[in-house]
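Everything below concerns the one structure shown next.
No lab work stands behind these numbers, since they all come straight from the coordinates. It should be emphasised that the depicted structure is a prediction, and the values quoted were computed from it without experimental measurement. Glycine also receives a Cβ, built like all others from the backbone with ideal geometry; neighbour counts cover every protein chain displayed.
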Amino acid sequence: MQTILTVAAVIVALVVGFLFWQFQAHAPHTTIPPVTEANSSIAITSITFPRQIDADGEAVGGTVGFRAATGNVVYADFQVVEAGFFIPFGFDPEIRETSSGEFEFYIATLIPQQVTLQVTLTDDTGQVSEPVTFSFSAAPSQPAGVQPGGA
């Protein structure tokens, strides 16, 4: 019975991953200004995210601290450095006329794995921050009512 549940969970994870990939591939994308060399006009000052999350599909929040001379951060890019199966993502954090502060991002996965992401920020003049990496592990979650080591 446990084997059947494991196989079913893997199939569900694969289907959800495929559907998410299809959504990302066909979703409208934000226009990103042309990339120029990284410089000090825009910088990531901190990244806060848990070292471990549950691989249960629930979104977990983190923050990116920034400094931007123009005050306009128009794109946050999260690229995969290392992972079992994780889709890179990016978004407009909608930061206008704010030279420093932080914004939130959310990550969810159904697949237990170790993930390392690289983050860069782009301002409205096309300047790109130096990349900053962070890592976390996604641990298998226990089904409700199941005690670890129990029968």
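For region 91-99, backbone phi angles converted through the Karplus equation (6.51, -1.76, 1.60; θ = phi - 60°) give residue-by-residue couplings of 6, 8, x, 6, 9, 10, 6, 9, 7 Hz, Gly and Pro being listed as x.
In units of 2.2 N^0.38 Å, what is the alpha-carbon radius of gyration of region 83-126? Against the compact-globule rule of thumb, the ratio is 1.47.
Other residues with beta-carbon under 13 Å from the beta-carbon of Q118 carry, at +1 per Lys or Arg and -1 per Asp or Glu, a net charge of -3. Out of every Cα-Cα pair that region 31-139 contains, those further apart than 25 angstrom amount to 21 percent. Once both labels are positioned 7 Å from their Cα atoms along Cα-to-Cβ, the gap between Q79 and Q113 label points is 1.7 nm.
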